[in-house]
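Structure record follows, encoded as C-alpha cells.
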Amino acid sequence: MNSATTSRGGTGGFLAGIVGLVITGAFVVWQLAAQGHAAFNTTSLGLMWGLPIVTYDFLLMSSAGLGIVAALGTVFGLPAFRPLARRAVWLALALLVGAGAALFFELGSPLRALWAIPLNFQVASPLFWKVIGVVVYAICLILLASGWVAKGADAKPSSGVSVVALVAAVFVIFTGSLLFATLSMRPFWFSGEVPVMFLVESVLAGLAFALLFTHLAGTPDEATRAAVSGPLPRLVALLIAIQLAFVLGRMVVGLAANLDGMQVWQTIVASPAFWIQIAFLAVALWLTSSPGMRASGSMQVAALLLLLIALFLGKYEFVIGGQLVPLFKGSWAHGLIQYSPSTTEWALLAMAGFLAYAVYAFGAARFRLGGAA
Amino acid sequence: MAKWGMVIDLDKCTGCQACTTACAMENSRLPGENWQDVLFYSEGRFPNVSIKWFPRPCMHCEHPSCVSACPTRATYKEAEGGFVLIDWNKCIGCKACMVACPYGVRFYTDERPVVAPDIRGVFPGKDGRSWSPPYRGPQDDPSHGVGIQPNGVVSKCTFCYHKVSKAPKGVADLDEHDPATKEFTPACVRMCPPKARYFGDLDNPASTVNKLIADKRGTRLLDHTGNKPQVYYLSGGAAAAVPSSRETNKA
Ligand code: SF4
Ligand code: SF4
C-alpha cells in the first residue's frame, strides 16, 4: 500500500461510516421490529413506493452509471475516463451495496426474494430482467475489483469483463426504467423517453460521484488533474444541459396536457424542491462549463455536490410524483395523495448512505483507487 | 373452460356496502382494507354537490398489468376460470403489482392501518398472519391468496376462488337464487340486496352476464390501459356513470 496513491482519510472515513451505519441501522431495525412497515409513511391508499425505493433506485442507477464510467476507458479506449476508472469500480460496488440494503429493508419478504425471483422465470416482468442484470453486473464489479483494483498499480482491467460490465450496466438502467415507462395507467411515467432519461441521469450521477470522490481524495497525478479539470467537467456540463431539457420539457408537456394523471405537475411545480432542483442544476451547469470555474477544485466539488442533490430530488419527484394520483380509491383518498417520509425512512436513507460510504472508504484505505488504468 | 366475469348494474346499486361487508366477513379482511369496496365520489361545490358510488372489486383482467409487473409469478392468471390470484408463498412484498394495477384493488397490510384504530392491536396475528379476526372463514389456501393475509405480502379479491372454482362444470351463471349454484356464488353477488351484481361465464353465449353486456352496452373501466377487465358496468343513465380519476382532483 502506497500512502501517496491511496486516498486521504480512508481509515477515518471508514470508521465514521461504520459509526453512522451502526447508529442509523440500529434505529431502522428497532423501528421495523417494533412496528413493521407501519414505520414507513407508505400505505395501500396509493403511495406504495416511498423514500426507501427512491434511495434504492438512486443508488442502483448511480452505481450503474459508475460502471459505465469505469468501463468506457477500457472498452472504447477513451483516455479521459482512465484516471477515474479504478475509483469508479469501487464506488459502483459501494453504491450497489447501499442500494441492496435500502431494498432489503423495504421488501416485505426480502429473503424469499433471493430464490423466488431467479427460480420462477417471470420473463414478462421488467423486474425479473433487472435482477438478472444486477446479478451479472455485480459479478463483473467483483471481478474488476478483485482482479484489477485490488491487484495494485501494475494490474490491467480485463477487457472482456469490462465489456460485459458496460452492457450489464446499460441493461440494468433500461430494465430499471421499464416498470415506470410501461405503465399506461400512470401517464406521469408512461413515456418512451423515460429509458433515455434514466440513461442520461445515471451516467451523469456516476460521473458526478467519480469526479467528486477523485477531488476529495486529493493529490492527483498529472493525467488525473488534466481529466478532472478539462474534458470530464465539459461532459458533465453537456449531460446537465440534456437533463435540464428533459426536466423542463416534461414539465411543459405535463402542465399543458389534458390527460388524467398529469395534474400532478401542478403540485410538483408548486413545490420548492422542484425549483431547488432546477436552480442546483443551473448552478452546476455554470460551474462545470465555465473555464475559470473548472480550474478551481473547490468550485468543482461544490458543483458536483449540488448536482447530486439535484439528481436525488429529481428521482424523488419522479418516483413519488407518479403515485400521487390515487387510482380508484374514492373518498378513501380524495385529492392527490399527501406523502412525506417518516423518520425511519430518512434513517434508512442515511443508513444506506453510511454503508455505501464505509465500503468506499474501506477500499480507499486499502487499495490504490487513483491514477490511470 | 369457463371465463368467469361479473356485471355490476350501476342503475340498481344503492351504495349500501352489503357487498363490502360480505366480502370482509368471507375473506377475513382488516377494517378498511376492502378487497371489494363501494367507492364514494363527491363532485362539485356547495350547494351544487353530488355524491356518486361505485362498486369496485378486482377486475380479474384478461391482460393483467399486475401479472406482468410481478417478478416472481406470485401474481398469476389461472387458465381455468380466468381468476387473477396471488400465491402468498411466492410474494416478496415488492408492491410492483400495486403500482401497476390501474384500479387500486391491492393491499399490503404490514403498514399503517387504513382506518383507525388499529384493530391488529386488539386481535394480534399468529403464525405470521396479519391479524386474528374474531370470526374467520374455514378456508385457508395461501397458494391462491385465500384466507387471512400473512405479513409482508400483497392481497386482493379472488372472485371468491374458494367457492367459484368448485362450481359444477359447464354452468353458465352462478346465481344466489338458483339452489344449484347458490353456494358457489361470490359473497358480494350473493349478498347484494337490489340484485345489482351478476356472475357468470363470459365465454358462454347463453350466460346472463353476456346478455346483459350486449343488451345494456356493458362498459369496462379504463379500457385504454389494455387490461381488459372481466368486470363490466351497466348504466342506463339513471345512476352514476363510470367515474374518471380526474374526479379525485375536485375540491
Ligand atoms: S384489477 Fe388490478 S389486480 Fe385485478 S387483475 Fe386487473 S390489474 Fe390485476
Ligand atoms: S408484491 Fe408480491 S404479488 Fe406483487 S409484484 Fe411483488 S412479488 Fe408479485
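The values are calculated or read from the model by the stated rules, or taken from the named source; none is laboratory data. As the structure is a computational prediction, the values presented were derived from the model and not from experiment. Please note: Cβ atoms are built from the backbone with ideal geometry, for glycine as well, and neighbour counts cover all protein chains shown. Each accessible area value is taken on the protein alone, full model and side chains, heavy atoms only, with ligands, DNA and RNA left out. Shrake-Rupley method; radii C 1.70, N 1.55, O 1.52, S 1.80 Å.
Does residue B:52 qualify as being among the charged types (D, E, K, R), open to solvent by 10 Å² or more (accessible area, probe 1.4 Å) and within 15 Å of ligand 2 (Cβ to nearest atom)? Steps first, answer last, please.
Details: among the charged types (D, E, K, R): yes; open to solvent by 10 Å² or more (accessible area, probe 1.4 Å): yes; within 15 Å of ligand 2 (Cβ to nearest atom): no.
No, not satisfied.
Being in contact with a Phe, Trp or Tyr (Cβ under 8 Å, 6 or more places away or on another chain), more than 14 Å from ligand 1 (Cβ to nearest atom) and at pLDDT below 95: is that true of residue B:44 here? Break it down into steps so the answer makes sense when it comes.
On the way: in contact with a Phe, Trp or Tyr (Cβ under 8 Å, 6 or more places away or on another chain): no; more than 14 Å from ligand 1 (Cβ to nearest atom): yes; at pLDDT below 95: yes.
The answer is no for residue B:44.
Give A:263, A:300 a once-over and let me know the one that is farther than 21 Å from residue A:195 by Cα and within 14 Å of chain B (Cβ to nearest Cβ).
Values: A:300 fails: within 14 Å of chain B (Cβ to nearest Cβ).
None of the others qualify; the one that does is A:263.
Looking for something touching a residue at least 40 places away in the same chain (Cβ under 8 Å), within 14 Å of chain B (Cβ to nearest Cβ) and not polar (S, T, N, Q) - is there at least one such residue anywhere in the range A:357-369? I'd like the intermediate steps shown before the answer.
Taking the range A:357-369 as the starting set, the residues that turn out to be touching a residue at least 40 places away in the same chain (Cβ under 8 Å) are A:357-369.
Keeping just the survivors that are within 14 Å of chain B (Cβ to nearest Cβ) gives none.
Checked against the condition, which is being touching a residue at least 40 places away in the same chain (Cβ under 8 Å), within 14 Å of chain B (Cβ to nearest Cβ) and not polar (S, T, N, Q), the range A:357-369 yields no hits at all.
List, please: which pairs have Cβ atoms under 8 Å, are six or more places apart or on different chains, and start with a residue in the range B:59-80 that is more than 20 Å from residue A:328 (Cβ to Cβ) and near ligand 2 (Cβ under 7 Å from one of its atoms) and end with one that is among the aliphatic types (A, V, I, L, M) and in a loop (DSSP other than H, G, I, E, B)?
Qualifying pairs under 8 Å: B:71/B:92; B:72/B:92; B:74/B:92; B:74/B:153.
When the range B:102-126 is examined, which residues are found to be more than 7 Å from chain A (Cβ to nearest Cβ) and buried (at least 24 other Cβ atoms within 10 Å of the Cβ)?
Of everything in the range B:102-126, those that are more than 7 Å from chain A (Cβ to nearest Cβ) and buried (at least 24 other Cβ atoms within 10 Å of the Cβ) turn out to be B:105, B:109.
I'd like to check something: does the range A:324-336 contain any residue that is more than 22 Å from residue A:80 (Cβ to Cβ), of a type in the set (Ser, Thr, Tyr) and within 14 Å of chain B (Cβ to nearest Cβ)? Quick ask: steps written out before the conclusion?
Within the range A:324-336, the subset more than 22 Å from residue A:80 (Cβ to Cβ) is A:324-336.
In the following step, the residues that additionally are of a type in the set (Ser, Thr, Tyr) were identified as A:331.
Filter again for within 14 Å of chain B (Cβ to nearest Cβ), leaving A:331.
Yes: one or more hits.
For the range A:73-87, name all the residues that are more than 15 Å from residue A:223 (Cβ to Cβ) and under 19 Å from the mean Cα position of the chain (by Cα).
none
(1) within 16 Å of ligand 2 (Cβ to nearest atom); (2) open to solvent by 10 Å² or more (accessible area, probe 1.4 Å); (3) closer than 25 Å to residue B:208 by Cα; (4) hydroxyl-bearing (Ser, Thr, Tyr): which one isn't true of residue B:165, the others all being true?
(1)
What is the number of the single condition among (1) within 13 Å of chain A (Cβ to nearest Cβ); (2) closer than 20 Å to residue A:44 by Cα that residue B:148 does not meet?
(1)
Pull up the range B:201-232, narrow it to residues that are in a loop (DSSP other than H, G, I, E, B), within 14 Å of chain A (Cβ to nearest Cβ) and not hydrophobic (A, V, I, L, M, F, W, C), then point me to the one that is most open to solvent (accessible area, probe 1.4 Å).
B:228
Every residue, every condition in (1) open to solvent by 30 Å² or more (accessible area, probe 1.4 Å); (2) within 23 Å of the chain's Cα centre (by Cα); (3) under 17 Å from residue A:348 (Cβ atoms); (4) modelled with pLDDT of 95 or more, yes or no:
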residue: A:17; (1), (2), (3), (4): no, yes, yes, yes
residue: A:37; (1), (2), (3), (4): no, no, yes, no
residue: A:55; (1), (2), (3), (4): no, yes, yes, yes
residue: A:65; (1), (2), (3), (4): no, yes, no, yes
residue: A:99; (1), (2), (3), (4): no, yes, yes, yes
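Suppose the filter is hydrophobic (A, V, I, L, M, F, W, C), more than 16 Å from ligand 2 (Cβ to nearest atom), within 11 Å of another protein chain (Cβ to nearest Cβ) and farther than 27 Å from residue B:213 by Cβ; does residue B:30 pass it? Give the derivation first.
Working: hydrophobic (A, V, I, L, M, F, W, C): yes; more than 16 Å from ligand 2 (Cβ to nearest atom): yes; within 11 Å of another protein chain (Cβ to nearest Cβ): yes; farther than 27 Å from residue B:213 by Cβ: yes.
Yes.
Search the range B:62-97 for residues being of a type in the set (Val, Ile, Thr) and outside any loop (DSSP other than H, G, I, E, B), and hand back the single one that is nearest to ligand 1 (Cβ to nearest atom). Before the answer, list the steps.
Keep residues of the range B:62-97 that are of a type in the set (Val, Ile, Thr), which gives B:67, B:72, B:75, B:84, B:86, B:92.
Add one more test, that the residue is outside any loop (DSSP other than H, G, I, E, B), and what stays is B:67, B:75, B:84, B:86.
Values: B:67: 7, B:75: 7, B:84: 4, B:86: 9 Å.
By that ranking, first place goes to B:84.
Would you check if residue A:308 is under 15 Å from the mean Cα position of the chain (by Cα) and either more than 21 Å from residue A:55 (Cα to Cα) or buried (at least 21 other Cβ atoms within 10 Å of the Cβ) (or both)? Steps first, please.
Working: under 15 Å from the mean Cα position of the chain (by Cα): yes; either more than 21 Å from residue A:55 (Cα to Cα) or buried (at least 21 other Cβ atoms within 10 Å of the Cβ) (or both): no.
Here the answer is no, as residue A:308 does not meet what is asked.
Would you say residue A:229 is more than 28 Å from residue A:175 (Cα to Cα) and open to solvent by 30 Å² or more (accessible area, probe 1.4 Å)? Talk me through it step by step, then tell me what you get.
Numbers: more than 28 Å from residue A:175 (Cα to Cα): yes; open to solvent by 30 Å² or more (accessible area, probe 1.4 Å): yes.
Answer is yes for this residue.
Of the residues that make up the range B:132-149, is at least one more than 16 Å from ligand 2 (Cβ to nearest atom), buried (at least 21 other Cβ atoms within 10 Å of the Cβ) and modelled with pLDDT of 95 or more?
The answer is yes; a qualifying residue exists.
Please go through the range B:76-96 and give me each residue that is open to solvent by less than 10 Å² (accessible area, probe 1.4 Å) and more than 9 Å from chain A (Cβ to nearest Cβ), ordered by number.
Those that are open to solvent by less than 10 Å² (accessible area, probe 1.4 Å) and more than 9 Å from chain A (Cβ to nearest Cβ): B:81, B:82, B:83, B:84, B:85, B:86, B:88.
Can you name the number of the only condition in (1) more than 16 Å from ligand 2 (Cβ to nearest atom); (2) assigned to a loop (DSSP other than H, G, I, E, B) that residue B:157 fails?
Only one criterion in (1) more than 16 Å from ligand 2 (Cβ to nearest atom); (2) assigned to a loop (DSSP other than H, G, I, E, B) is unmet by residue B:157, namely (1).
Yes or no: the range B:56-66 includes at least one residue that is within 9 Å of another protein chain (Cβ to nearest Cβ) and open to solvent by 10 Å² or more (accessible area, probe 1.4 Å).
Taking the range B:56-66 as the starting set, the residues that turn out to be within 9 Å of another protein chain (Cβ to nearest Cβ) are B:56, B:65.
Cutting the leftovers down to open to solvent by 10 Å² or more (accessible area, probe 1.4 Å) gives us B:65.
Yes, the range B:56-66 contains a residue that is within 9 Å of another protein chain (Cβ to nearest Cβ) and open to solvent by 10 Å² or more (accessible area, probe 1.4 Å).
For the range A:110-146, what are the residues that are within 13 Å of ligand 2 (Cβ to nearest atom), more than 19 Å from the chain's Cα centre (by Cα) and open to solvent by less than 20 Å² (accessible area, probe 1.4 Å)?
A:113, A:116, A:117, A:122, A:125, A:128
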